[in-house]
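Asker: Here's a structure for you.
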Amino acid sequence: MVARALEWTAAPLAGVPMEIELKLLLEPADADALRRHPMLAQYAAAPAREQQLSDTYYDTPAQDFRQGGAGLRVRRVGTEWIQTLKGGGDAGAGLHRRQEWESAVVGPEPDLAALRKLVGRKDACGDLLRAPGTAARLAPVFRTEVTRTVWDLVLPGGDTVELALDQGKLEAGGATAAVSEIELELKSGDAVRLFDFALALQQQVHLRVASSSKAERGYALGQALPHQPVKASPVKLSRKDSVEKAFRTIAANCVAQIHANSAGVADAYDEESLHQMRVGLRRLRSARGVFGKVLQLPPALSAELDWLAYELGHARDWDVMAGSTLPSIEDGMPPCRMLSDVIHAARETGQGARAAATDAARSQRYTRLMLSLGRWLYGKGWRQQVPARARLDVPARRVAATVLRRADNKLRKRGKALAGGTPEARHRTRIAAKKMRYASEFFASLYSGKQVKSFVKALTGLQDELGLLNDAVVAETLLAKVEDAHPGLAGPLAMVRTALRQRADDTTQAQKAWKRFAKARLPR
């Protein structure tokens, strides 16, 4: 799977209705605390109202709507039926912006003829609505039954927001899943206020930022899919983009990858989801370095990113050691059970780090971090720190050329000491290669695809080989904790350490990768 990020368009497409909402999860037991929250009474424009909603989502057997990033549903509210098509748009840090079309229907089935009058061919699923046979192939995929409580709010700045509390269930293929969530929908005003309001709510109500919509959860439930690790989507920049716009696009792309993987860590620890969540975080921190002379993250947010990086990184180190590094030295070990015993002990010893990562992803601290990041990105918080607006308006392509040239020079300088260098020197070279790769991928769309592809390929090969050497060094350090927890394995651990040192000192493949990279040239 690939994370879709907010593209930070200046405004919705002309004439296209756009839904903007922030989605949050809460435990059913916390619903009463939300209802009693003083801000609801303080800002309510009218008494709360309650609705019973029954939604049926439709798609073709090939799930063409889902594949097109759209959702088609028919909702029953009392005696009325309303069909809704949502598609296009973007999502990040819990904020969803999607095109939305609605029309009344006479019963529980969609009326595509009515939707075709509303949806243009260039809009989301416009061609699919008009394709012959689409209507005949539609069938129910899953259903939701929820009780919705709605508050119409007017915030102090005049922004109007609809807060909807949904509690009920999803049903798909005989399986069910609970629904307990909040939707903060912007009716008028500034979307930044959604983050402000959510942060204020979160001080008294335990909330989590939703990483997927009801539709996405319904499809996953129907197919009995576990959490899927989510890789970053390609960053799409225009050669006309300013530094500010490029940063917003890149940072939103990174945040989308981080948060899309959070459920895979928080709800059912998945090693690959943690890995991708950590990659997104490292990409974001790298972007912070790339644009550091123009845009600076507030110290408080920077410190929270460092906290999350530690929790995820510590767990990842244990996963890599037990799942990859130790098994890779099996050929150099005597044929006995001792390596499998060490691997088992390593998994057991690292359980605390994995539990800490899960706790971090589920914590209110993480919720605050995501909401604060969203607020900072959407509200252009850096403008309070930049003395000259002109620095933000510099063409991104000009900055990209400078960044890539400096990163390339730094990497080539460090790489000269690769042969015979210390583990610390190799580690510094690896970090330089990783930062160079991320920067190249950030700005890839500004250059020839062929140039970038070959350059990144050489960088990736170098990074991977240096990573294997570093993994051996990290594993040897972690084995001290394994021995503390399992003193009876002192003998096998000594042999494993010897094999790891041999692995860490063998730079043959890394030097080959370096030679391949040395021939590569920067994209122009």
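We did not get these values from a lab; they are worked out from the coordinates using the rules stated. Just so we're clear, the structure is a prediction, and the values are computed from it rather than from any experiment. Neighbour counts are summed over all protein chains in view; Cβ atoms, including those assigned to glycine, are modelled from backbone coordinates with ideal geometry.
Asker: All but one of (1) surrounded by fewer than 16 Cβ atoms within 10 Å (Cβ to Cβ); (2) in contact with a Pro (Cβ under 8 Å, 6 or more places away or on another chain); (3) small (G, A, S) hold for A300; which doesn't?
Answerer: Every condition holds for A300 apart from (2).
Asker: Where residues in region 40-65 are buried (at least 16 other Cβ atoms within 10 Å of the Cβ) and among the aliphatic types (A, V, I, L, M), which of them is nearest to G173 (Cα to Cα)?
Answerer: L53
Asker: Quick check on T56: is it touching a Pro at 6+ places or on another chain (Cβ under 6 Å) and on the phi < 0 side of the Ramachandran plot?
Answerer: In short, yes.
Asker: Do we have any residue at all in region 178-194 that's polar (S, T, N, Q) and either in contact with a helix residue (DSSP H, G or I) (Cβ under 9 Å, 6 or more places away or on another chain) or free of Cβ contacts under 8 Å to residues at least 24 places away in the same chain (or both)?
Answerer: Yes, some residue in region 178-194 is polar (S, T, N, Q) and either in contact with a helix residue (DSSP H, G or I) (Cβ under 9 Å, 6 or more places away or on another chain) or free of Cβ contacts under 8 Å to residues at least 24 places away in the same chain (or both).
Asker: Hey, another quick one. Can you name the residue in region 116-128 that is under 18 Å from D59 (Cα atoms) and free of Cβ contacts under 8 Å to residues at least 40 places away in the same chain and is also surrounded by the most Cβ atoms within 10 Å (Cβ to Cβ) among such residues?
Answerer: Within region 116-128, the match that is surrounded by the most Cβ atoms within 10 Å (Cβ to Cβ) is V119.
Asker: How many of the residues in region 313-350 are more than 21 Å from N470 (Cβ to Cβ), without any contact (Cβ under 8 Å) to a residue 12 or more places away in the chain and assigned to a helix (DSSP H, G or I)?
Answerer: 2
Asker: Same structure, new question: Sort out for me the helices (runs of 4 or more DSSP H) sitting completely within region 15-118 that have 1 or more residues that are hydroxyl-bearing (S, T, Y).
Answerer: Helices (runs of 4 or more DSSP H) meeting the threshold: 38-43.
Asker: Quick check on V294: is it in contact with a helix residue (DSSP H, G or I) (Cβ under 8 Å, 6 or more places away or on another chain) and part of a loop (DSSP other than H, G, I, E, B)?
Answerer: yes
Asker: P132 is checked against (1) in contact (Cβ under 8 Å) with a residue 60 or more places away in the chain; (2) part of a loop (DSSP other than H, G, I, E, B) and fails just one. What number does that condition carry?
Answerer: Of (1) in contact (Cβ under 8 Å) with a residue 60 or more places away in the chain; (2) part of a loop (DSSP other than H, G, I, E, B), only one is false for P132: (1).
Asker: Quick one: is A355 surrounded by fewer than 14 Cβ atoms within 10 Å (Cβ to Cβ), farther than 30 Å from L184 by Cβ, more than 26 Å from the chain's Cα centre (by Cα) and of a type outside the set (S, T, Y)?
Answerer: Here the answer is no, as A355 does not meet what is asked.
Asker: Which of the residues belonging to region 466-480 are within 13 Å of A322 (Cα to Cα) and touching a residue at least 40 places away in the same chain (Cβ under 8 Å)?
Answerer: Hits for region 466-480 are D471, A472, V474, A475, L478, L479.
Asker: When you go through (1) surrounded by fewer than 23 Cβ atoms within 10 Å (Cβ to Cβ); (2) under 15 Å from the mean Cα position of the chain (by Cα); (3) closer than 23 Å to A433 by Cα one by one for Q257, which number turns out not to apply?
Answerer: Every condition holds for Q257 apart from (1).
Asker: Can you tell me which of R521, R497, R501, R437 is part of a helix (DSSP H, G or I) and either over 18 Å from P327 (Cβ atoms) or hydroxyl-bearing (S, T, Y) (or both)?
Answerer: It is R437.
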